[in-house]
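Everything on this sheet refers to the single structure shown next.
Coordinate-derived values only; no laboratory data. The model shown is predicted, which means the values in this text are computed figures rather than measured ones. Virtual Cβ from ideal backbone geometry, glycine too; neighbours counted across all protein chains shown.
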Amino acid sequence: MSQDISDLERKILRFIFEDNHRASAIQKALSGQEQRYTRNDIIAALNSLEEKDLAERYSSKSWIATGDAEDYLE
């Protein structure tokens, strides 16, 4: 792992690794946890993951993890 990723980015990667999801679905899935995230938080994290080549847009509104993301999953 050459890049550091945030806790939110790691949670998102776990969620989008197997299947593509929209930002709203990611937000709803993570809302039951101890931290509340806004849609802007999710989009910013997805954009950061895309810059690091760990996620990519699957369609105009959904995202999926790339193969490189597996190295960051525990």
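Observations on the structure shown:
- At least 15 Å along the helix axis (C-alpha) and Kyte average at least -1.0, DSSP helices within the chain: 39-51
- Other-chain or far-sequence residues with amide H under 5 Å of Ala55's (modelled H): Glu50, Thr66
- Note on the chain: dipole from Cβ charges, positive end direction compared against Phe15, Gly32, Leu73; the farthest Cα belongs to Gly32.
- Amide H to amide H, with H built 1.01 Å from N, Phe17 comes under 5 Å of Ala65, counting only residues 5 or more places away or on other chains.
- Pairwise inverse Cα distances across region 1-68, averaged and inverted, put the Kirkwood hydrodynamic radius at 11.8 Å.
- This model, with +1 at the C-beta of Lys and Arg and -1 at the C-beta of Asp and Glu, gives the chain a dipole about its Cα centre of some 540 debye.
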